[in-house]
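The values are calculated or read from the model by the stated rules, or taken from the named source; none is laboratory data. Predicted model only: the values in this text are computed from it and were never measured. Here the Cβ positions follow ideal geometry from the backbone for every residue, glycine too, while neighbour counts run over all protein chains shown.
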């Protein structure tokens, strides 16, 4: 029996050394993967997330400004159309430049003192 045990131990000895070496490399790889994942999680949580929140806030602010500017643009386009109408031009010329259309009689009301 002891001969058999010695033979079995001798046969398993090279195999167990290579198995230990393979297990060691798997452990090192596993540890490396865990370290990389932990670093990525840390970077995501402490670096990327604050930047993302700041950019989202900036985007929201810019979107609000864009909406306000679009409304202002619509109002200005309406004003331009109004100012280009013949009725507005005639009214403005009459009130501010004291011009009259053909057939109208100009008159001035004296101011009371």
Criterion: surrounded by 10 or more Cβ atoms within 10 Å (Cβ to Cβ) and outside any helix (DSSP H, G or I) - qualifying residue of 66, 62, 76, 99: 99
Residues 3, 8: which one is modelled with pLDDT under 95, farther than 30 Å from residue 105 by Cα and exposed (fewer than 10 other Cβ atoms within 10 Å of the Cβ)? 3
